[in-house]
């Protein structure tokens, strides 16, 4: 918790609908989808030059509600420690935007949305989407907000993949990029964990081939997928610190014994209440298929002479997106001649660190954004 | 593959039934079970002094068939590279025993066995078992074979837990112990992975509360548990070497794309044909509850002045049973004054290395067993 920072206060999610031409989004697959709605929130004020906008990209299970509080709710947005007055993304200085990804289930068009052509939920009629499609949809939102060039685009995990996609596809629309705890492409181990999660969902008889809307949800399968995810988000040491082999209280109904089991069940079951199983399938597929380098070397797909500053952050105990994957990003930037800075934060939180290691990230990002604003070359941090 | 070694040839599984008093095994829980059958195999010849016997303990999904070939089968036993004439456990010198664990499903009494009291499969009427119970049953087998003192007891993963249990409970019945890629007790991360596997099984509607015998098997759940297991048995680097991001051939029916996904499906589905889902539940629970140190320090539970030599082996890329857990075993042995040797093999195979790194293990174990036989102090290897 960043105690110095204040909250952006009460916020409201807004909805951007592609209602003017192109009223359909052309996907990388060539398929079209529309009208498309993107749920988004903004914090801070866009300046007259429209030069202080920062786009925040969320991870697999995130949403547009990155900071502040929704009316009547106690829980702030998912990156509230990082976004607000005086915080890393200082809303006294910057105009911060966060949108729910295409394919998501928190207000943006996704498989749980109504297909205007049939009047029913898309389900598996929803077309396959890519990280490129998510970013393309974001670009329409940025256009709509009248912003020609973002001061920065930042995000962790799948958010970092979107940052890399911006860097490769729209380098002329961003002045800087902050990919955190992410990868140019998934390793087979990362694909494998996602695939087991997908199989858990699709093995649930309540999944019903993806057309479960209106009936019981594939709750057990989705909870299982989330339990697997949670193990990979923590580290061996953070689990040891949090649970060790402590025995849980005897008052819960299932037959588990250890606190760590109870925790996983709790996280799995609460996820079911807030996330759509089909979105989980579509979004994890998009992550697995993503390759910022398009099968080449990443430095070969960067446009020539691009002037984007890059801050790459990784965490020592993150074994899901290990630091070597972040170093590959830095290496590619350096070879392509980009002004790139790397910092590996000595955290024990595992992959979750991008949500929890507020203090060090704040220091790094504040400093970095100041330099970007001034147009200076960034400093080098320890590799 | 150890090309120098020859096979023990055609072997046959034998069955030891506790048919004389005690005809029931008293479990650590106080419950009784009986008659108990242990499936076992032996390789080599017991010498006149009965001093050359080595007990091999198998891992979660292993069985009594550790070496040689069953009549008409092409696939040798699970540790055939390590057991045979001239191999690590040299059957020209030693009498090697391997039994399927209590609770298993490969010929030993377990939840898929017929309960003599009801005439039906035990299912969840099977009592909870511990690693201590497994070892206690093995001790009856060793008694039955007329062996007072084993030259060694060896095993990897859960096999290594049984080795530690022998060391703590029956140090006067063994001259040496070889725990490989194992732990004094499971960390919360290890428990968490097992729990997700159990939930996958129990979420399968075909599991039917454990009473699925005679009907369809909980195949999807068990396959899913095995898929999760397989990810943890490999390493990030071994998956990269084996699969990278290669696309699979287009002729398979499911909608997966990558070879790694196809491999996991294959391994999951073939496991269902050879393993019982309830055994998976009971055995993983036994692993999670196991604590060789009984909540104390391991060195405090070792008997005083015991004269057992210990060889501890770990593998660098094993993240499921990380080397630090093996070092804890070594530390405890040293504090207790046991003659312990540690070797960390520089393998990229992950946890599977105990099945695959034949050459280095052969060198270490051969040398170690020679020293044990001669009663010499063992050498030190690199820590």
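Taken together, the values in this text are just the output of simple stated rules run on the coordinates, not laboratory data. None of these values were measured; they are calculated from a predicted model. Cβ placement follows ideal geometry from the backbone for every residue including glycine, while neighbour counts extend to all protein chains displayed.
Would you mind listing the distances between the residue A:304 label point and the same position in each other copy? Use 7 Å along Cα-to-C-beta, nm, one decimal, shortest first.
8.3
Could you identify which residue out of B:29, B:326, B:169 has the top mean-square fluctuation in a GNM of chain B using Cα springs shorter than 10 Å?
Top of the fluctuation ranking is B:29.
Sequence gap at least 6, Cα distance under 8 Å: using those rules, report the relative contact order of segment A:193-232 to the nearest whole percent. Before the final figure, lay out the partial values.
Numbers: 41 pairs, mean separation 19.3, N = 40.
This gives 48 percent for segment A:193-232.
Multiply the residue separation of residue A:28 and residue A:360 by 0.36 nm, subtract the distance between their alpha-carbon atoms, and state the gained length in nm to one decimal. Mind dumping the intermediate values first?
Numbers: separation 332, 0.36 × 332 = 119.52 nm, distance 3.69 nm.
Contour length minus Cα-Cα distance gives 115.8 nm.
Quick one: compute the contact order of segment A:28-162, relative version, from alpha carbon pairs under 8 angstrom and 6+ residues apart, as a percent.
Reported relative contact order: 35 percent.
If you average 1/r across every pair of different Cα atoms in segment B:302-383 and take the reciprocal, what Kirkwood value do you get, in Å? Mind showing how you got there, number by number?
Numbers: mean 1/r = 0.0753 Å⁻¹.
13.3 Å is the Kirkwood radius here.
Report, in deg cm²/dmol and to the nearest 500, the calculated mean residue ellipticity at 222 nm for chain B, where each DSSP H run with n ≥ 4 adds -39500 (n - 2.57) and the sum is divided by the residue count. Could you put the intermediate results ahead of the total?
On the way: 11 runs with 130 residues, N = 383.
One gets -10500 deg cm²/dmol as the mean residue ellipticity at 222 nm.
Starting with the fewest neighbours, write out A:87, B:31, B:371 ranked by other beta-carbon atoms found within 10 Å of each beta-carbon. Please list the in-between numbers first.
Values: A:87 26, B:31 14, B:371 18.
Ascending number of Cβ neighbours within 10 Å: B:31, B:371, A:87.
With the radius of gyration and the Kirkwood radius both derived from the Cα set of segment A:209-249, what is their ratio Rg to Rh?
Values: Rg = 15.3 Å, Rh = 12.7 Å.
Expressed as Rg/Rh, it is 1.20.
Run the numbers for residue B:114 and residue B:305: contour at 0.36 nm per residue of separation, minus the present Cα-Cα distance, in nm.
Details: separation 191, 0.36 × 191 = 68.76 nm, distance 4.37 nm.
Result: 64.4 nm gained on full extension.
Just to confirm my numbers, what's the Cα centroid distance between segment A:62-133 and segment A:299-375 in Å?
23
Taking beta carbons within 10 Å but only from partner chains, what does the mean come to for residues B:194-204?
On the way: counts 1, 10, 12, 2, 3, 12, 9, 0, 3, 9, 4.
So the per-residue partner count for this stretch is 6.
By counting other Cβ atoms within 10 Å of each Cβ, how are B:244, B:113 ranked from fewest to most? Intermediate results must be reported in sequence, preceding the final value.
Values: B:244 12, B:113 20.
Listing B:244, B:113 from fewest to most nearby Cβ atoms yields B:244, B:113.
Per-residue Cβ counts within 10 Å, from other chains only, averaged over A:181-189: what number is that? Please list the in-between numbers first.
Values: counts 0, 0, 0, 0, 1, 3, 8, 18, 13.
For this peptide, the per-residue mean of nearby foreign Cβ atoms is 5.
For residue B:45, go 7 angstrom from Cα along the Cα-to-Cβ vector, then report the distances to that same point in the other copies in nm, smallest first.
9.7
When only C-alpha pairs under 8 Å and at least 6 residues apart count, what is the relative contact order of chain B, in percent?
On the way: 804 pairs, mean separation 63.9, N = 383.
Value for chain B: 17 percent.
Inside 10 Å of the C-beta atoms of A:281-291, what's the mean count of C-beta atoms belonging to other chains?
What the average comes to for A:281-291 is 1.
For chain A, with a Gaussian network of springs between Cα atoms less than 10 Å apart, report the residue from A:229, A:210, A:295 with the top mean-square fluctuation.
Per the Cα network of chain A with a 10 Å cutoff, A:295 tops the list.
Can you compute the equivalent ellipsoid semi-axes for segment A:189-287, i.e. the square root of 5 times each eigenvalue of the Cα gyration tensor, sorted largest first and rounded to whole Å?
Details: eigenvalues 133, 61, 17 Å².
One finds semi-axes of 26, 17, 9 Å for segment A:189-287.
Taking the inverse of the average 1/r across all pairs of different Cα atoms in chain A, what Kirkwood radius in Å do you get?
Working: mean 1/r = 0.0470 Å⁻¹.
About 21.3 Å for chain A.
Normalised radius of gyration for segment B:225-383, please: alpha carbon Rg relative to 2.2 N^0.38 Å, two decimal places. Don't skip to the answer; put the middle values down first.
Numbers: Rg = 19.7 Å, N = 159, 2.2 N^0.38 = 15.1 Å.
Against the compact-globule rule of thumb, the ratio is 1.30.
For the protein assembly as shown, what mean projected area does the convex hull of the alpha carbons give, in nm²? Intermediate results must be reported in sequence, preceding the final value.
Details: hull surface 142.1 nm².
Computed as one quarter of the Cα hull surface, the answer is 35.5 nm².
Among B:351-357, B:134-140, how do they line up from the highest to the lowest mean number of other beta-carbon atoms within 10 Å? Please list the in-between numbers first.
Details: B:351-357: 23.3, B:134-140: 21.7.
The peptides rank, most packed first, as B:351-357, B:134-140.
Which distances, in nm and shortest first, link the residue B:85 label point to the same label point in every other copy, taking 7 Å along Cα→Cβ?
8.6
Counting other C-beta atoms within 10 Å, which of A:270, A:157 has the fewest, and how do the rest follow? The partial results should precede the final answer.
Working: A:270 12, A:157 27.
Neighbour counts put them in this order, fewest first: A:270, A:157.
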